[in-house]
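Everything on this sheet refers to the single structure shown next.
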Amino acid sequence: MTQLNTRDLTLSYDDACIIDSLDLSIRIGEITALVGANGCGKSTLLRGISRLLKPRAGHVILDGQDIWKLPAKTLAQQLGILPQSPVAPEGLTVHELVAQGRYPHQGWLQQWSAEDERIAHEAMALANVSEYADRPVDTLSGGQRQRAWIAMTLAQDSAIILLDEPTTFLDLAYQIEVLDLLHDLNTQRGKTIVMVLHDLNHACRYADTVIAVKDGGVAAHGAPDQVVTESMVREVFGIDCRIIPDPLTGTPLIVPCGRGGKRLASAQSHSQIDTFVHSPVFALMEA
Amino acid sequence: MAVKPTWITVRSRRLPFSFRLDRRVLPVALLLTAFTLTALVVSINYGQYNMSLLDVVQTLLGTNTAHPDYRNFALVVHTFRLPRILVAFLVGAALAAAGTIMQGITRNPLADPYLLGVSGGASLVAVAVIVWLDDVPLSILPFAAFAGGLIEAFAIYLLAWRAGSSTPIRLILIGIGLSSVVAALTTIMLLFGNINDVQQAYIWLTGSVYGRTWEHVRALGGWLLVFMPLAFVLARGLNMLNLGDEPAKGLGMRVERGRGVLLLISVALTAAAVAVSGTIGFVGLVAPHITRRLVGPSHEGLLPISALFGGALVVTADLIGRVVVAPSELPVGIVTAMIGAPYFAFLLIRSRNHA
């Protein structure tokens, strides 16, 4: 049985420590969502797990082996990573992009085997991009483009796929389209998916496990209906909210408390406004 | 749904051997080869000594040995004209391949050995060798040029790659700045050198293939024989780098090592060209750019076709240089600059509008 763990993992950029001696275990066969406020280190954690970022200390262990001790291509056969908003070179067609996904399976002489061809076609069909195969990636819409990149990662044929904010910059319809695709890959193909998600409601809906990252550590880790609570959201995102069952799925649905919607605003937010108006900061702004 | 690929696949049934090439590669290669051969024959034909195109072809093929003028033909074709034109072709191919690699590893369509000053760095050290050392054999120049190009490439790398990223414009500006510094240093060296050495250096610096001999063809050919196949083998690495560093790493490419090796190859190709012809500009910019439009961005096809295009370009530019001001001649570097500089301006404006 495959396992993906971190042990004492410490990640940093220059001197700023982002993740501090973290022990984490990713469950195989599930969808895991990394959530947290901006700059909390969730993308850094994903980069650390995927070998895009070398740890300051500690290990990422895949099947009992440190990923930094594996040959690069061997790791790429087992673990794929789609970074945030990649840009394809001008004029590169979807088919060619997806074909690049076979790189870890190729050698100097064996550059395009029958198996490469079969798997690339399958990847395009799965990601539903076959009909744009001959179109340059840079002429596609945002959602089509993201699906083309996902198809490339699928052609890599790894059991584990990591994605950094796969829905960023997409319209709502495209966001759901991409998340549905990942859901199908998990349930129908048994892919283990680990992704950074901005939208907590998407995480609750699509993830089996949610990992909330805060200040270089894990603030909550578990099934959405168990760990996504009002107090957790306050702690991790610094915002008050109500949580109700999603009318469609029963998963937690986060309703943030804000000042919008005047007529229905709760007594609590009124009192917050009052406090603000009578605070010294407001007096300074008036002056 | 069946997808018809835009490439053709070559695959062995018994051996683990397969590769794919864009469909446009073969027709374009045939056209360019036909064009190059025509340019070669026309170029050999052009000059003081009059002979027919048929004579040229027959002399090249060695089928007219019985002709009464064969001795003259052979002297003119094989000794005087052919080596110069072969040098022009090889220089163009080397510069175009170097430019293609530089554009690939920087993900920057404006990168070029001349604009980035790699050619300039190569010339500086080569001039230093000519001026300071006595009786240098020709074969040492490529090594001197290689060292110079490497130092220059390293300096640009250090200055432009701050915080692991570089914008196209910054790269170009630093390259142009360093080129001026290097050009100034070259001039200083020429001012203080021995007059005979300086004259020799000047002739070499103008970016010309005038008077080049079989010795030059062999020197350059030897370097290309090593580095061209290496570049073709590593073309897939360029495709990876073009996706961006992180996707390439995710696909299991060792990005830093791959980029380093490719950079070394491109500097070696530039240095070999500079060592026999001086600095010929803009070939490494124009050839990859036009070729990308012809055969697409995959480097398995782009790299060899770009080299072929570069060779054809310099052979043609050399012919133009000899025709326009005959019986005198323009150095080929001036002709390529007259073609390339406006093209560069056009690209710069276009890239600014896109950004």
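Only one of (1) closer than 23 Å to B:D22 by Cα; (2) open to solvent by less than 10 Å² (accessible area, probe 1.4 Å); (3) out of contact with any strand residue (DSSP E or B) (no Cβ under 9 Å at 6 or more places or on another chain) fails for B:L313. Which number is that?
(2)
What are the residues in the stretch A:114-140 that are facing chain B (nearest Cβ under 9 Å), assigned to a helix (DSSP H, G or I) and charged (D, E, K, R), if any?
Answer for the stretch A:114-140, where residues must be facing chain B (nearest Cβ under 9 Å), assigned to a helix (DSSP H, G or I) and charged (D, E, K, R): A:D116, A:E117, A:E131.
On the given criteria, is B:L234 within 19 Å of B:H299 (Cα to Cα) and crowded, with 21+ Cβ neighbours inside 10 Å?
So B:L234 does not fit the description; no.
Taking into account only those residues within the stretch A:24-59 that are touching a residue at least 40 places away in the same chain (Cβ under 8 Å) and of a type in the set (V, I, T), which is farthest from A:P224 (Cα to Cα)?
Filtering the stretch A:24-59 for residues that are touching a residue at least 40 places away in the same chain (Cβ under 8 Å) and of a type in the set (V, I, T), the one farthest from A:P224 (Cα to Cα) comes out as A:I49.
Mind checking which residues of the stretch A:60-105 are facing chain B (nearest Cβ under 8 Å), hydrophobic (A, V, I, L, M, F, W, C), without any contact (Cβ under 8 Å) to a residue 60 or more places away in the chain and not in a helix (DSSP H, G or I)?
Correct list: A:V87, A:L92.
Have a look at A:G142, A:G222 and point out the one that is in contact (Cβ under 8 Å) with a residue 12 or more places away in the chain and open to solvent by 30 Å² or more (accessible area, probe 1.4 Å).
Values: A:G222 fails: open to solvent by 30 Å² or more (accessible area, probe 1.4 Å).
Answer to the selection: A:G142.
Is it the case that some residue within the stretch B:258-280 is of a type in the set (A, V, I, L, M, F, W, C) and touching a strand residue (DSSP E or B) at 6+ places or on another chain (Cβ under 9 Å)?
No, the stretch B:258-280 contains no residue that is of a type in the set (A, V, I, L, M, F, W, C) and touching a strand residue (DSSP E or B) at 6+ places or on another chain (Cβ under 9 Å).
Considering only residues that are part of a helix (DSSP H, G or I) and in contact with a strand residue (DSSP E or B) (Cβ under 7 Å, 6 or more places away or on another chain), look in the stretch A:141-159 and name the one that is farthest from the other protein chains (Cβ to nearest Cβ).
Residue satisfying both the conditions and the ranking: A:I150.
Restricting to the stretch A:212-238, and then to whatever is in contact with a strand residue (DSSP E or B) (Cβ under 8 Å, 6 or more places away or on another chain) and part of a strand (DSSP E or B), can you tell me which residue is farthest from A:C257 (Cα to Cα)?
Our first condition is that a residue be in contact with a strand residue (DSSP E or B) (Cβ under 8 Å, 6 or more places away or on another chain); within the stretch A:212-238, this holds for A:212-213, A:216-225, A:227-230, A:232-236.
Next, from what is left, pick out any that are part of a strand (DSSP E or B): A:212-213, A:217-222.
Working: A:A212: 20, A:V213: 21, A:G217: 26, A:V218: 24, A:A219: 21, A:A220: 21, A:H221: 24, A:G222: 24 Å.
Going through the qualifying residues, I end up with A:G217.
So, of the residues in the stretch B:118-142 that are at pLDDT 85 or above and open to solvent by 10 Å² or more (accessible area, probe 1.4 Å), which turns out to be farthest from B:A184 (Cα to Cα)? Explain how you work it out, then say what you get.
Taking the stretch B:118-142 as the starting set, the residues that turn out to be at pLDDT 85 or above are B:118-129.
Among the residues that remain, those that are also open to solvent by 10 Å² or more (accessible area, probe 1.4 Å) are: B:120, B:124-125, B:128-129.
Details: B:G120: 10, B:L124: 9, B:V125: 13, B:A128: 13, B:V129: 17 Å.
Applying the filter and picking the extreme gives B:V129.
So that you can scan it fast, the table gives a plain yes or no per residue for (1) under 19 Å from A:V228 (Cα atoms); (2) in a strand (DSSP E or B); (3) at pLDDT 95 or above:
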position	(1), (2), (3)
A:I161	no, yes, yes
A:P166	no, no, no
A:F169	no, no, no
A:Y174	no, no, no
A:H183	no, no, yes
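Do we have A:T93 as among the hydroxyl-bearing types (S, T, Y) and within 23 Å of B:D22 (Cβ to Cβ) here?
Criteria met by A:T93.
Residues checked against (1) out of contact with any Lys or Arg (no Cβ under 9 Å at 6 or more places or on another chain); (2) within 14 Å of chain A (Cβ to nearest Cβ); (3) in contact (Cβ under 8 Å) with a residue 24 or more places away in the chain; (4) part of a helix (DSSP H, G or I):
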residue	(1), (2), (3), (4)
B:E246	no, yes, no, yes
B:G252	no, yes, no, no
B:I290	yes, yes, no, yes
B:E300	no, yes, yes, yes
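Among the strands (runs of 3 or more DSSP E) contained in the stretch A:3-47, which hold 3 or more residues that are open to solvent by 10 Å² or more (accessible area, probe 1.4 Å)? Write out each step before concluding.
Working: elements: A:4-13, A:16-26, A:31-35.
In the stretch A:3-47, the matching strands (runs of 3 or more DSSP E) lie at A:4-13, A:16-26.
Of the conditions (1) within 12 Å of the chain's Cα centre (by Cα); (2) within 24 Å of A:Q100 (Cβ to Cβ); (3) modelled with pLDDT of 95 or more, B:T291 satisfies every one except a single condition; which number is it?
B:T291 satisfies all of (1) within 12 Å of the chain's Cα centre (by Cα); (2) within 24 Å of A:Q100 (Cβ to Cβ); (3) modelled with pLDDT of 95 or more except (1).
Inspect the stretch B:199-206 for any residue being assigned to a helix (DSSP H, G or I), at pLDDT 90 or above and over 17 Å from B:W132 (Cβ atoms) and give the result as yes or no.
no
Which condition does A:A127 not pass, out of (1) surrounded by fewer than 22 Cβ atoms within 10 Å (Cβ to Cβ); (2) closer than 30 Å to A:F169 by Cβ; (3) in contact with a Lys or Arg (Cβ under 8 Å, 6 or more places away or on another chain), if it passes all the others?
Only one criterion in (1) surrounded by fewer than 22 Cβ atoms within 10 Å (Cβ to Cβ); (2) closer than 30 Å to A:F169 by Cβ; (3) in contact with a Lys or Arg (Cβ under 8 Å, 6 or more places away or on another chain) is unmet by A:A127, namely (1).
Say we look at the stretch B:254-275 and pick out the residues that are β-branched (V, I, T) and within 14 Å of another protein chain (Cβ to nearest Cβ); which of these is least open to solvent (accessible area, probe 1.4 Å)? Show your work before the answer.
Just the residues of the stretch B:254-275 that are β-branched (V, I, T), to begin with: B:255, B:261, B:265, B:267, B:270, B:274.
Checking which are within 14 Å of another protein chain (Cβ to nearest Cβ) leaves us with B:255, B:261.
Numbers: B:V255: 4, B:V261: 61 Å².
Only one residue tops the list, namely B:V255.
With the checklist (1) within 14 Å of another protein chain (Cβ to nearest Cβ); (2) part of a helix (DSSP H, G or I); (3) farther than 28 Å from B:A317 by Cβ in hand, flag the one item B:L238 doesn't pass.
Exception for B:L238: condition (3).
The values are calculated or read from the model by the stated rules, or taken from the named source; none is laboratory data. Small disclaimer: the values here were computed from a predicted structure and weren't measured. When we count neighbours, we look across all protein chains shown, and the Cβ atoms used for this are built from the backbone with ideal geometry, even at glycine. These accessible areas exclude ligands, DNA and RNA; they are computed on the full protein's heavy atoms, side chains included. Shrake-Rupley method; radii C 1.70, N 1.55, O 1.52, S 1.80 Å.
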